[in-house]
Every structure is written in C-alpha cells, then in structure tokens.
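Comments concern the structure below.
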Amino acid sequence: MTGPHDDLTPDDWSFETAAVQTGIPRGLGETVGMPIHQAAAFQFATLEEAQSEFQLNGGFSYARIQNPTVRALEERLTALEGGAATVALATGQAATFTAILSVCRAGDHVVSTSSLFGGTAGLLNNILPLMGISATLTENTPEAIEAAMQPNTRLVWAETIGNPAGDVPDIARLAEIAHQHGALLGIDNTWGGVGYLCRPLEHGADIVTHSLTKWAGGHGAVLGGSVTVGTQHDLMRNPIYTDGGENSILMLRGDQALAWRQRWFGAHQLGMTLSPHSAFLIAQGLETLALRLTRESETALALAQWLEAHPQVGRVSYPGLPGSPHHTLAQKYLRGGFGAVLTFEVPDPAAFLPRLQVIRIAPNLGDTRTLVVHPWTTTHGRLPEASRRAAGVSAQTIRMSVGVERLEDLRRDLAWALGG
Ligand SMILES: *Cc1c(COP(=O)(O)O)cnc(C)c1O
C-alpha cells in the first residue's frame with residue numbers, strides 16, 4: 001500500500017516526529033537527512049522569472065534573503081512551535097531585534113518583564129531608544145504589566161522562563177492585556193525548548209523568538225536565532241500596517257505580512273542572515289532536542305532538590321521545585337519537564353567555580369555539557385545593580401545549565417566544589 005494516511009498527516013505529527021521528519025522531502029534520490037545548499041545565488045531561466053522573484057521574494061534568488069537549507073529549518077521550527085511562518089536569523093539577538101522592529105517604530109513603546117536575558121535588556125535600554133522606541137521593564141506579574149501599558153505600547157515582551165530568576169509569566173493573561181491595549185505579545189521561548197516544553201502561541205502569544213544557539217543547536221557549536229509568528233494576531237490595530245492605505249504591507253501580504261516584514265528587515269535589509277551550514281547544524285540539533293531536554297530536566301530537578309538540602313547552599317531557584325513561587329505557573333505552561341537551568345547561591349563564587357572538574361565555567365545554555373556562570377559579573381554585569389537584583393541576580397548567584405552527563409557525576413562534582 002502506498003499513498004497518504006487518512007489519519008496521520010504532518011499536521012498531526014507529535015513534536016518528536018516533526019523534529020526529525022519536517023523539511024526533508026521523500027522520494028527517489030532525495031537525501032535522508034537535511035542537505036546543505038552552500039550557495040550565494042540561484043538561477044533564473046528568463047527575465048520575467050527574475051523580475052517576478054525580485055518583486056515577490058517568494059522563492060530563491062540571493063541567499064541573504066532565502067536559502068533552501070535555511071528554509072527547511074524554518075519549516076521545521078514552524079511545525080515545532082505550531083506557528084504560521086518562521087524567519088531564521090544569524091543569532092538570538094538578531095531575532096529579538098527583528099521581532100521588536102517589525103511592530104514598533106519611533107514613538108512606540110514596549111513593556112517587558114525585567115527578568116530578562118542581559119542582551120535583551122541591553123536592546124531595550126540602550127539600542128532601541130536610539131531609534132525612538134522606548135521601553136518599560138517591570139515586575140513579572142499581570143498587574144505590573146498592565147500598569148505599565150501606555151497608549152503607544154505596541155508590544156509586550158516576556159521570557160517563557162525568566163533568565164536567570166526562573167520566573168514563569170502568565171502567558172494567557174499577558175496576551176489578554178496586550179490585546180486589550182491593541183498591542184502584540186512576544187515571548188522569547190529559548191528556555192521553552194522550541195515548543196517542546198512550552199508553545200506560547202497556543203496560549204495567545206503572537207510572536208515567539210529563539211536563540212537557536214541554546215537547546216536547538218544543542219551542542220555549543222553554532223549561533224542562530226528565529227522569529228515565529230502565530231496565525232491569530234490582529235495587525236489591523238497597528239498603525240504601521242494600516243498607514244500605507246492600499247499599498248500597505250498588510251494589504252499586499254495578508255496574514256503573511258508580519259513574517260514577510262521580519263524577513264525583509266532582519267535578513268534582506270539588515271543582513272543578519274543565517275548561514276546554510278549553521279542551519280544544517282541547528283536542524284541536526286533539533287532532532288535530539290526532546291531526548292536531551294527530557295534528560296536534562298530530570299537531572300536539573302534532582303540537582304535542585306539536592307542543592308536545596310545542602311548546608312553550604314543558599315537560595316535555590318528552579319521552577320520545578322514544589323516550593324518555588326513560580327511552580328504553579330510552571331505546571332500550567334510547561335510540559336515534559338521544567339527546563340535545564342537552575343540558579344543557586346554559594347558563599348564564595350570565586351572559590352567555588354575553579355574547584356569544579358566536570359562542570360565548566362562558560363556563558364552558554366543548552367549545551368550537552370553542564371555549564372555554569374556567575375551572572376553578577378558576566379551575563380548581567382553591565383546592568384546597574386538595581387536591574388541585576390530585579391532580574392533575580394545576587395553576588396552569590398551561580399547559574400547552571402544542566403547537560404546530559406550522568407546525575408551522579410554532576411552531584412559529586414558539585415559536592416567537591418562546595419567542600420564536602
Ligand atoms: C542567549 C539568549 C539570547 C541571545 O541569543 P544569541 O544567540 O546569543 O544571540 C536571547 N534570549 C535568551 C533567553 C538567551 O538565552
């Protein structure tokens with residue numbers, strides 16, 4: 001028997017199946033894994049074809065705009081997040097910047113939770129104001145977010161699990177608040193594992209971004225980022241999309257308007273394009289993401305419980321701990337685990353860190369290897385002290401991204417470094 005199932009279409013595929021199957025055609029001579037199209041430009045047969053491609057950018061012309069390997073990765077990311085379209089870019093920073101710029105212009109305003117990746121706080125506090133886009137960073141509660149909304153607020157921003165505080169936003173409530181004020185909700189879902197632990201679009205978010213450098217790539221070998229848009233957003237409320245009248249992007253592009261604008265800005269015009277080789281590595285990483293993140297979440301929970309009971313360790317923060325103030329929301333929005341990152345306080349980070357012999361000191365997340373940093377002096381070091389504290393960082397805090405090593409080896413390494 002050949003032919004399509006009538007009961008299992010690609011739309012029905014589970015995360016694990018979509019992660020290894022999406023983006024690879026079936027058929028005679030097709031590659032089994034994802035091939036790399038290492039090419040800067042693509043051919044046209046006629047003048048008309050070239051002209052039409054330059055007008056519509058629907059296919060392939062020049063690889064700054066689109067490349068078949070990058071497109072295959074984008075299809076896979078769209079399937080995993082349950083979105084309408086994805087634009088893959090060179091880094092997570094490029095994705096955040098593109099997402100914000102696609103809905104805000106000079107005079108507009110962003111409301112964000114303050115427990116943020118340092119680079120996002122930097123964009124909101126330092127870079128976007130140069131373009132006339134202002135931001136209010138506030139506590140991660142619906143009440144604080146609502147109080148910060150202004151008539152010119154176009155975007156509400158939060159992370160699925162705040163970095164590094166481990167706080168979980170009430171995504172559905174934030175979506176309601178944003179939409180009531182004519183704004184969109186953007187969620188940085190890096191810690192949500194590309195839709196494996198959390199799919200913010202299903203809870204009302206309009207835009208999801210990723211640092212694909214983290215769990216998607218998964219092996220600490222590649223940089224990448226992505227912006228995925230959902231199907232539900234109502235762009236007609238945003239003046240950027242309606243000011244142009246009949247010629248506005250919305251009129252021309254319908255429900256693809258937002259994704260089109262993101263590709264236009266991030267890749268086409270600003271050139272923050274993902275390389276095909278990086279797209280290939282990220283697509284490979286996605287194939288084992290569910291296995292890795294399941295294992296890493298189990299290990300992270302066991303280590304969080306063990307650290308909580310350790311006499312040398314101060315506050316342990318992990319949304320999977322029943323005592324965590326974020327546990328209820330984590331149970332509502334996360335499935336398959338509570339993520340691979342925890343923070344804990346040690347009396348003397350400068351003495352603790354160099355004693356580690358399995359765990360490495362490095363500023364990355366989602367690697368197969370367990371990594372630690374001291375956010376106070378590194379990832380969040382450039383923020384004013386009050387902002388560091390608002391992000392959940394103290395001078396004693398260690399942030400740990402748990403890898404796939406055996407639990408017992410990590411526990412013994414931590415015990416040794418803690419002094420017994
Ligand atoms: C790392 C990270 C980013 C930035 O991604 P890059 O790929 O380093 O540019 C953004 N958001 C979060 C939550 C991150 O962890």
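The values are calculated or read from the model by the stated rules, or taken from the named source; none is laboratory data. The shown structure was predicted, so the numbers you read here are calculated from the model rather than taken from an experiment. Cβ placement follows ideal geometry from the backbone for every residue including glycine, while neighbour counts extend to all protein chains displayed. Accessible surface areas use protein heavy atoms only, side chains included; no ligands, DNA or RNA. Shrake-Rupley method; radii C 1.70, N 1.55, O 1.52, S 1.80 Å.
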_Return the pair list, or none, for Cβ contacts closer than 8 Å from residues in the range 371-384 that are over 25 Å from Gly218 (Cα atoms) to residues that are modelled with pLDDT under 85, at least 6 apart or on different chains._
Leu383/Ala391
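Scan the range 102-147 for residues that are in a loop (DSSP other than H, G, I, E, B) and either surrounded by fewer than 17 Cβ atoms within 10 Å (Cβ to Cβ) or aromatic (Phe, Trp, Tyr) (or both) and jot them down.
Arg105, Ala106, Gly107, Phe117, Gly132, Glu139, Thr141
Tell me, which strands (runs of 3 or more DSSP E) wholly within the range 325-420 include 1 or more residues that are assigned by TED's automatic domain parsing to the domain that holds Ala300 and among the acidic types (Asp, Glu)?
Values: elements: 341-345, 371-373, 397-401.
Counting at least 1 such residues, we get 341-345.
Restricting the search to the range 76-100, which residues are part of a helix (DSSP H, G or I), more than 22 Å from Ala221 (Cβ to Cβ) and either touching a Gly at 6+ places or on another chain (Cβ under 8 Å) or not hydroxyl-bearing (Ser, Thr, Tyr) (or both)? Walk me through how you get there before you give the answer.
Let us first name the residues in the range 76-100 that are part of a helix (DSSP H, G or I), namely 76-81, 92-100.
Remaining after also requiring more than 22 Å from Ala221 (Cβ to Cβ): 78-79, 81, 97-100.
Ala79, Glu81, Phe97, Thr98, Ala99, Ile100 - these are the residues of the range 76-100 that are part of a helix (DSSP H, G or I), more than 22 Å from Ala221 (Cβ to Cβ) and either touching a Gly at 6+ places or on another chain (Cβ under 8 Å) or not hydroxyl-bearing (Ser, Thr, Tyr) (or both).
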*Which numbered condition trips up Pro169, out of (1) more than 16 Å from the ligand (Cβ to nearest atom); (2) in contact (Cβ under 8 Å) with a residue 60 or more places away in the chain; (3) open to solvent by less than 10 Å² (accessible area, probe 1.4 Å)?*
(1)
*Of all residues in the range 107-120, which are within 10 Å of the ligand (Cβ to nearest atom) and in contact with a helix residue (DSSP H, G or I) (Cβ under 7 Å, 6 or more places away or on another chain)?*
Gly119, Thr120
*Lone unmet requirement of (1) surrounded by fewer than 21 Cβ atoms within 10 Å (Cβ to Cβ); (2) closer than 24 Å to Leu291 by Cα for Leu342*: (1)
*For residues that are crowded, with 24+ Cβ neighbours inside 10 Å and more than 13 Å from the ligand (Cβ to nearest atom), scanning just the range 201-217, find the one that is farthest from Ser401 (Cα to Cα).*
Asp206
*Among the helices (runs of 4 or more DSSP H) contained in the range 232-322, which hold 2 or more residues that are open to solvent by 50 Å² or more (accessible area, probe 1.4 Å)?*
249-253, 276-287, 289-308
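Working carefully through the options Thr91, Thr96, find the one that is in the same structural domain as Gln262 (by TED's automatic domain parsing) and either in contact with a Pro (Cβ under 9 Å, 6 or more places away or on another chain) or surrounded by 21 or more Cβ atoms within 10 Å (Cβ to Cβ) (or both). Please lay out each step first, then the result.
Values: Thr91 fails: either in contact with a Pro (Cβ under 9 Å, 6 or more places away or on another chain) or surrounded by 21 or more Cβ atoms within 10 Å (Cβ to Cβ) (or both).
The unique qualifying residue is Thr96.
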*Phe352 passes all but one of (1) open to solvent by 30 Å² or more (accessible area, probe 1.4 Å); (2) farther than 17 Å from Trp191 by Cβ; which number fails?*
(1)
